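Below is one structure, written out as structure tokens; the observations come after it.
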Amino acid sequence: MNFVKVAKTSELTSGNKKKVSLETQEIMLVNLEGTYYALNNKCPHMGGSLADGILEGDQITCPRHGAGFNVKTGKNLHDAKILFAKMKVKDAQSLPVKVEGEDILVGME
């Protein structure tokens, strides 16, 4: 696995998220109490930007149709909803993160 620098720790305070570009995809970085997590920024439902969603604790909610994901694991916590219809949603893609000094690195295969 190849780790790529995507940000500095000073750019992302605890409880916040940031969208970054990594090679050909967008990644959402999250800082939860000094531990960093990364998800593919595209919601697996219809491609909404997870970084534009609402972060509450360790859950991100997609702004398009309300699908919710655990930012630590990418696991789907609740499905999308369009009007009155619920739609099954796959888990979001979680990516490995490591910190070296001030640099945040995300693993790519």
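The values are calculated or read from the model by the stated rules, or taken from the named source; none is laboratory data. These figures come from a predicted structure and were not determined experimentally. Glycine gets a Cβ as well: all are built from the backbone with ideal geometry, and neighbour counts include every protein chain shown.
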- Message: For a quick check of your reading of the model, give me the residue pairs whose first member lies in the stretch 90-101 and is over 17 Å from Met28 (Cβ atoms), whose second is part of a loop (DSSP other than H, G, I, E, B), with beta-carbon atoms closer than 6 Å and at least 6 apart or on different chains.
- Response: none
- Is it the case that some residue within the stretch 75-94 is within 28 Å of Val4 (Cα to Cα), more than 13 Å from the chain's Cα centre (by Cα) and not aliphatic (A, V, I, L, M)? yes
- Message: For the structure I just gave you, tell me whether Ile27 is of a type outside the set (D, E, K, R), over 17 Å from Lys98 (Cβ atoms), within 10 Å of the chain's Cα centre (by Cα) and surrounded by 18 or more Cβ atoms within 10 Å (Cβ to Cβ).
- Response: no
- Residue count, the stretch 52-109 (criterion: touching a strand residue (DSSP E or B) at 6+ places or on another chain (Cβ under 6 Å), closer than 19 Å to Tyr37 by Cα and among the small types (Gly, Ala, Ser)): 7
- Item | Residues satisfying the stated conditions in the stretch 10-33, i.e. part of a strand (DSSP E or B), more than 14 Å from Leu95 (Cβ to Cβ) and hydrophobic (A, V, I, L, M, F, W, C) | Leu32
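Would it be correct to say that Glu56 is surrounded by fewer than 17 Cβ atoms within 10 Å (Cβ to Cβ), among the charged types (D, E, K, R) and either over 25 Å from Glu109 (Cβ atoms) or at pLDDT 95 or above (or both)? Let's see the steps before the verdict.
Working: surrounded by fewer than 17 Cβ atoms within 10 Å (Cβ to Cβ): yes; among the charged types (D, E, K, R): yes; either over 25 Å from Glu109 (Cβ atoms) or at pLDDT 95 or above (or both): yes.
Taking the combined requirement at face value, the residue satisfies it.
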- Out of Gly15, Gly48, Gly34, Gly57, report the one residue that is free of Cβ contacts under 8 Å to residues at least 60 places away in the same chain and under 16 Å from Lys98 (Cα atoms). Gly34
- Can Leu39 be described as touching a helix residue (DSSP H, G or I) at 6+ places or on another chain (Cβ under 9 Å), modelled with pLDDT of 95 or more and either closer than 14 Å to Gln93 by Cα or not aromatic (Phe, Trp, Tyr) (or both)? yes
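Which one is nearest to His78 (Cα to Cα) among residues in the stretch 35-53 that are under 11 Å from the mean Cα position of the chain (by Cα) and among the hydrophobic types (A, V, I, L, M, F, W, C)? Outline the logic, then answer.
We begin by selecting, within the stretch 35-53, every residue under 11 Å from the mean Cα position of the chain (by Cα); these are 36-43, 49-53.
Next, from what is left, pick out any that are among the hydrophobic types (A, V, I, L, M, F, W, C): 38-39, 43, 50-51.
Working: Ala38: 19, Leu39: 16, Cys43: 12, Leu50: 14, Ala51: 17 Å.
So, considering only residues that are under 11 Å from the mean Cα position of the chain (by Cα) and among the hydrophobic types (A, V, I, L, M, F, W, C), the one nearest to His78 (Cα to Cα) is Cys43.
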